[in-house]
Structures are given as structure tokens and as C-alpha cells.
Amino acid sequence: MDLVFRPQPTIYLLWAFGDEETRLVIEAAHERAIERVLEWIEDEVPVIRYGKDGVYRVRPPGGLVAARFRHYEARSGRRLLADHLLLSVKGSGGTGSGGRSTTLALHENTVAASALYNELIASEVCEELGLATEPRTVTPGRRPVMDIAGAPHELIRWTARRSDQIAACLAELEHEYLTAVDDDGEPRFRPVVSQRARAKMKQISARKARPPRRKTQPLAQLRAWWKVSAILTSGVAADVITYLFEHARAAAAVIRAWVAAVVDVALAAVDVTATVFVMNDGGRFHRRHVLAEARRHLALV
């Protein structure tokens, strides 16, 4: 199974455009957050199956085994700090016998693990660099995400070029799906795109929009090119890009002067429980759902 760890867009923008010290602080926070998430998975998630037909599920007594590699650049040419961890399917069972990793348990806890990673890296980056977070609405009507304050939203949109290409391709496929007719001129499909059909179209769109692989270049050269590219094509003022870290520090100073990081535990518990109850069918939920929502709630503080 491939686990991908990638910071929030504003964090890897600071990583790409900031000075060397900023880059190293963010990379260190990124690595520590990954370690903490893996520790949580090893301690809390029963990911090893053993016994006849894998009926028993236990936590890995010897830990997980993974191969790890890092991306510095997306196929689109945009900056990208992302680590891939390929987990071994082999493990030790509860009696010392051989076992296998179960992707089901990992998939069930993906959201909780993702929320933990986002919370850890954002809090450490803010603490070490004197920054602060603010909510940003990605999809109207949905819960906002927390990004580093002071980074222009136009710059965040500039990072999403491939997402826009995939969305455009998906729109074309959906139009073809809805307008397709058979030999008798009758619609071939239902007038509404099903979730399964849309998921398949998204996969096709991602493949069609995938550019060819680029030649690997040194990180220092990439960072210089990213800054020039952003200045030329993002529509954001050059001084904002050049001094992005200073803009973020200034925004953080204003936020820290007005906002106290105080959590009303009782109110937080009610909010988390109510959200989990509503979001899960019939109010049936597991501990992992509460963990994920609690971590998202804390990120908004």
C-alpha cells in the first residue's frame, strides 16, 4: 500500500519560496509528522491479519516495514514536497507466526491519519517559524481547511493547474456520457451520472491529464525556477512572492494579537459528536471517525 504525505499548499509554498532555513524547518516538521503518524498506526490500528482466512487482526508487534522516497516536483512542473511510503504486505502475527497487512484497516483509518499529519505539521511549522493558520474555503458549503495566513489565495490557485486540467477533462467526459445515444437515437445511459461512473471518469481524466515525466533536476535549481515561474505566471506581485515568509509573519502577528488559542472542551465535544453523528449513516460510527473529526476541530482553533 502506498501512503502519501504532503503538507498543506501554503506550507509547501513557503518551503519552495522561502530561504534555506525555512526549507529545513518545514522538512524537519514534515518528517517528524510522518514518524508520529506511523507510530499512531502501529500503536492503534490492527493492520496485521493472521490465522485461517485472516480472521484475526492485531497491531504489528514488530512495527511496520516501509520503503520511503520523496518527490520534489509534480509532473506538471509545480513544486511539491511529498513523501511516498510503500508498506510491506508482510508482518508478524499475534503468535509470532507470519501475517499480512490488511489494507482495509489502513483505508478505514486514512482520514484520521491524514488529520493527524495535517495537525502536527501545521502546529510545528507555526511554532518554529512564528506563523499562524487561518480558515480557507475550498468548496462552498464544506468545512474550510486551515492554511498558513498571509499567503494569497491566487498563489494557492496557481499551484492547482493539474487539478484544473483534470476538472476540465472530467466535464467533457460527463457531457459525452449524458449525451451519448444508441443506434435508435435513445440515451445510452441514465440522465444522471452515478457515483461509480463519476469515480471511473475521474480516473480516466487523471490519466489523460497526466503530463510526461520530467528530467530530474537539483532542488536548488528547481526552487529558483519555481519562484521565477510564479512571478511570471501566477498573477501575484513579485514582491509578495519574494517576501512570502515576511508577509506570513506579519499576518500571524495580527492573528496572534487578537486570537487566544483556548479550547472549550465541552463545546468541542458536542460539536465533534454532532458532526460525526450527522455525517455517518444512522449515527453509526467508530472511534476513528471521532478521532478524525476531533483533529479537524482542533485545527480550526
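The values are calculated or read from the model by the stated rules, or taken from the named source; none is laboratory data. Since the model is a prediction, treat every value here as computed from it, not as a measurement. Cβ placement follows ideal geometry from the backbone for every residue including glycine, while neighbour counts extend to all protein chains displayed.
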Only unsatisfied item for residue 158, checking (1) assigned by TED's automatic domain parsing to the domain that holds residue 13; (2) surrounded by 15 or more Cβ atoms within 10 Å (Cβ to Cβ); (3) out of contact with any Lys or Arg (no Cβ under 7 Å at 6 or more places or on another chain); (4) of a type outside the set (Ser, Thr, Tyr), is (1)
Determine if the stretch 121-129 includes at least one residue that is hydroxyl-bearing (Ser, Thr, Tyr) and part of a loop (DSSP other than H, G, I, E, B).
-> no
- Is it the case that residue 130 is in contact (Cβ under 8 Å) with a residue 24 or more places away in the chain, more than 21 Å from the chain's Cα centre (by Cα) and at positive phi? yes
Residue 166 meets each of (1) in contact with a Ser or Thr (Cβ under 6 Å, 6 or more places away or on another chain); (2) under 30 Å from residue 253 (Cβ atoms) with one exception, condition (2)
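Look at residue 118 and say whether it is touching a Lys or Arg at 6+ places or on another chain (Cβ under 7 Å) and surrounded by 17 or more Cβ atoms within 10 Å (Cβ to Cβ).
So residue 118 does not fit the description; no.
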Heads up, the helices (runs of 4 or more DSSP H) in the stretch 192-256 (entirely inside) with at least 3 residues that are over 22 Å from the mean Cα position of the chain (by Cα) and more than 30 Å from residue 179 (Cα to Cα) are 219-233, 238-242
Selection from the stretch 76-126 of residues polar (S, T, N, Q), modelled with pLDDT of 85 or more and touching a Pro at 6+ places or on another chain (Cβ under 9 Å) yields 118
Among 199, 230, 251, 209, the single one that is in contact (Cβ under 8 Å) with a residue 40 or more places away in the chain and not assigned by TED's automatic domain parsing to the domain that holds residue 130 is 209
Within the stretch 138-182, residues at pLDDT below 80 and part of a loop (DSSP other than H, G, I, E, B) come out as 138, 139, 140, 141, 142, 143, 144, 159, 160
